[in-house]
1. Which shape class applies to the range 227-266: rounded if a/c is under 1.5, otherwise prolate when a/b exceeds b/c and oblate if not, where a ≥ b ≥ c are the square roots of the Cα gyration tensor eigenvalues?
2. Among Thr190, Thr48, Thr274, Thr88, what is the fewest-to-most ranking by other Cβ atoms within 10 Å?
3. Quick one: net charge of Pro63's neighbours, Cβ under 15 Å, K/R +1, D/E -1?
4. With 10 angstrom as the radius, rank Trp237, Trp260, Trp275 by how many other C-beta atoms surround their C-beta, starting from the fewest.
5. Can you list residues from other chains, or at least 5 along the same chain, whose modelled amide H is less than 5 Å from the amide H of Ala303?
6. Got a sec? How would Met62, Met111 order by Cβ neighbour count within 10 Å, fewest to most?
7. For Asn39 and Thr88, calculate 0.36 nm times their separation in residues minus their Cα-Cα distance, and state this gained length in nm to one decimal.
8. Quick one: work out the % antiparallel among DSSP beta bridges in the chain, nearest 5.
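No lab work stands behind these numbers, since they all come straight from the coordinates. What you see is a predicted model; the values in this text were computed from it and never measured. Every residue, glycine as well, gets a Cβ built from its backbone with ideal geometry; the counts of neighbours run over all protein chains shown.
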Amino acid sequence: MTTALLAMSHSPLLDYVDPPADVKAAVDESFAVARKFANDFDPDLVVTFGPDHYNGFFYELMPPYCIGYEALSIGDYGSQAGALNVPTEEAKGLAEYVLSQGIDTAVSLRMEVDHGAVQPLEILFGDIAAKPVVPVFINSVAPPFVPINRVRRLGQAVGEYFAQSDKKVLFIASGGLSHDPPVPRIATATPEQRAFLLGGGRHLTPEARDERQQRVITAGKAFAKGEADIMDLAPEWDKELMEILASGDLSPLDAWTTEWMTEVAGNSSHEVRTWIAAYSAMGACGAYTVNYSFYKPIPEYIAGFGVTTVIHA
């Protein structure tokens, strides 16, 4: 068994807005480091922990987690569309082990994923089907959310399963950090938005998808100018999270309540659950060390933007 971890923020706005040149260069450099790390490790299998943004999962049925036996990328924000290379028997074995440990995951025989799951695969490997990948969805957008200790336990179970494997496994966490993009919320939704959140947003027409995406692009540009009605980024919160994850003791995160996270770091800060699960998986395979860490708050991307690579100590 050999495992490694790559945790990274994603943003649908990477190719649609222009942060300052030095910021863009720093992000590109972090991607170059991550790409070299992933390709030098050359995994036999990738396990992605990713969210969804009301593209594959909706309130008609919203599981806290789901393991995909097959997966299809919808291709939003210019991301690559098409099938992921999912080894179904491996995904089944993982799901069965996770369930045997008392973690109530759902499974999907046809998971639909968006940029939140595939952007790292494109950045790292150039093609979403370049490596065998088992996608693990973690609900990070649609309240109610499970407590953080349950997210840690999910990650631990995933790590325990692969600790028994003879494969080289790369865990990828995709999401966060602090951010509050203009995503409709069920508690304040208009009737039209409620219909969307219940499943009406599935399989949008090209025109409807373009309209939806343009709203986010416009919000990113306005936020960079200080003109958007969304929460500020929370760099200190981001850095505290990254420090706790790097420490190897994730238990302090159990005190982070849903309400507090939302209040301090934004409605979509819950995407850090993907980082927490992936770091927990890595920890279940042995002591680890963060050998590369990048962070910048980037308003143009509406995100506290982080990249870390992690190896065993």
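1. Numbers: a/c = 5.06, a/b = 1.82, b/c = 2.78.
It is oblate, given that a/c is not under 1.5 and a/b is not larger than b/c.
2. Values: Thr190 9, Thr48 26, Thr274 30, Thr88 12.
Ordered from fewest to most neighbouring Cβ atoms within 10 Å, Thr190, Thr48, Thr274, Thr88 come out as Thr190, Thr88, Thr48, Thr274.
3. Details: positive: Arg110, Arg150, Arg273; negative: Asp52, Glu60, Asp104, Glu112.
Result for the neighbourhood of Pro63: -1.
4. On the way: Trp237 20, Trp260 12, Trp275 29.
Lowest to highest Cβ neighbour count: Trp260, Trp237, Trp275.
5. For Ala303, whose amide H was placed from the backbone, the distant partners under 5 Å are Ile298.
6. On the way: Met62 19, Met111 25.
Placing the least packed residue first, the sequence is Met62, Met111.
7. Working: separation 49, 0.36 × 49 = 17.64 nm, distance 2.33 nm.
The Asn39-Thr88 span can extend by a further 15.3 nm.
8. On the way: 20 of 43 bridges.
Of the beta bridges lying entirely in the chain, close to 45 percent run antiparallel.
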